[in-house]
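Quick notes on the structure that follows.
The values are calculated or read from the model by the stated rules, or taken from the named source; none is laboratory data. All values derive from a computational prediction rather than experimental measurement. When we count neighbours, we look across all protein chains shown, and the Cβ atoms used for this are built from the backbone with ideal geometry, even at glycine. For the accessible areas, the whole protein counts, side chains as well, though only heavy atoms, and no ligand, DNA or RNA atoms are used. Shrake-Rupley method; radii C 1.70, N 1.55, O 1.52, S 1.80 Å.
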Amino acid sequence: MGSFFAELARRAPANARREVEAYAREIPEFGFLDTNSRARAETLEYALWLRRRTVELSPDNSELSDDDLGYIAAIGEVRAAAGMPLDARQRVLRLHTSLMLREINEATEAQRGVGVDELMRMMSWFAPQGERGIRAYSQGFVTALRHRLPYVEQAALLARSLLNQDPISAELASALGMELPERCAVTVIRVPDRPAGDRDLESEIEALVKTHHAPITWCPGSGSRSGELIALIPLHLPTPQASLGPSTSETVQPHSVPDLAPDLVSDLVRDFAQVLGRPCAAGTATSPLSEVADALDLARRISRAAPLRRASARLRPHTVSDVFVELAVADAPFVDEWLHAVGRSLQPGPDLLVTLDAYYRHDMHRGATAAALNVHPRTLDYRLRRVRELTGIDPGSTRGVRIFSSVVTRRLSEAWH
């Protein structure tokens, strides 16, 4: 064994102790190591074993054995069974990798005569075997999660891991029997604060996960019973040239997910709105699986700009093309305040905002709008004249459509509350 590897072996006990101390100091979930001597001894034993196996295997570029990988997987399983969350697991892996690289650097400095070949042998071994070890640790971690968590919570973990680009996503998806596609539609259903008497949504969300077989998670909002349902719907259709990734310069161009996957996306939104029984707003954006965090940001912004609607056969998630004006208005406070003033000028009229909403949703078709409002066409005409009298703007003109459609959407999204 060369001097470099001998130096690593000599430092292994001290380096293992330093890692355990770092866990207890920097990762709150390992705070128990300061009070649980048995757990501390077991953690130290594993840290020392891993360093000794590194020194034994790396000089000859030998692989970790099946028994080695089994031991690593068992450690992951024990930690997950003890309640360690996914984000803590990621912090553990980052800290361990950082410390190992630091130890290699310290051994190199201590042995200034170390040959480049020894260092290269170590680095050539470290990357592939480290990846195998992390994969085994993740497999053990997921094994424990399968026994500890209900199916719906596993699906929520998968959704969050995909959004955080956590490599454990592949293991979680395999455990759930879900395929990870190249592209997906990230859909956000915004639920405003609900009355205290409304039932909780746990069973409804579980039914959605089982019916649509997709990663879905609930994110509570600032209100006591508000929040967002986030779903990552797989898209298995060929990607057209006009398809957009939210991290590219093409993001601003309109792209309609329902046109690509009407059943996959719209059905989930309608199913959830039906069981919710209250108005909600949905936004969706497509992206490669590697860019879902950007798609989430866009889908969330769309859902906040979209009008709140009750369940109906017409309900579908909104895309950029549906609310691109409102998205721009939300970032221009002086324009938003002007539109708000226009909306306030309609308050003296009878149900004018509701009338304008129906008017534009039915493409300004007079008969269809009157039928939807359950009023006589002459009553509709009177209301539209009243809009013109109060604002000086004809709702049937190009200018009127541009202004009033934005006023209606901003008002129904509750952006002005």
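Tabulated data for the structure shown
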| quantity | calculated |
| --- | --- |
| Some residue of the stretch 211-220 being over 14 Å from the mean Cα position of the chain (by Cα) and under 19 Å from residue 309 (Cα atoms) | no |
| Residues (closer than 24 Å to residue 124 by Cβ and either touching a residue at least 60 places away in the same chain (Cβ under 8 Å) or open to solvent by less than 20 Å² (accessible area, probe 1.4 Å) (or both)) located in the stretch 84-97 | 95, 96 |
| Residue 405 vs. criteria open to solvent by less than 70 Å² (accessible area, probe 1.4 Å) and either touching a residue at least 60 places away in the same chain (Cβ under 8 Å) or within 27 Å of residue 191 (Cα to Cα) (or both) | yes |
| The lone exception for residue 39 - which of (1) free of Cβ contacts under 8 Å to residues at least 12 places away in the same chain; (2) open to solvent by 50 Å² or more (accessible area, probe 1.4 Å) it fails | (2) |
| Positions within the stretch 113-125 being surrounded by fewer than 18 Cβ atoms within 10 Å (Cβ to Cβ), out of contact with any Ser or Thr (no Cβ under 7 Å at 6 or more places or on another chain) and in a helix (DSSP H, G or I), in sequence order | 116, 117, 120, 123, 124 |
| Check on residue 152, crowded, with 21+ Cβ neighbours inside 10 Å and β-branched (Val, Ile, Thr) | no |
| Number of the condition not met by residue 368 [criteria: (1) closer than 22 Å to residue 302 by Cβ; (2) open to solvent by less than 60 Å² (accessible area, probe 1.4 Å)] | (1) |
| Qualifying positions in the stretch 292-315 - in a helix (DSSP H, G or I), open to solvent by 50 Å² or more (accessible area, probe 1.4 Å) and touching a Pro at 6+ places or on another chain (Cβ under 8 Å) | 294, 297 |
| Residue 161 vs. criteria at pLDDT 90 or above, in a helix (DSSP H, G or I), under 9 Å from residue 215 (Cβ atoms) and among the polar types (S, T, N, Q) | yes |
| Answer from 110, 81 - the residue that is in contact with a helix residue (DSSP H, G or I) (Cβ under 6 Å, 6 or more places away or on another chain), modelled with pLDDT under 90 and open to solvent by 40 Å² or more (accessible area, probe 1.4 Å) | 110 |
| Single residue of 161, 203 found to be of a type outside the set (Asp, Glu) and free of Cβ contacts under 8 Å to residues at least 24 places away in the same chain | 203 |
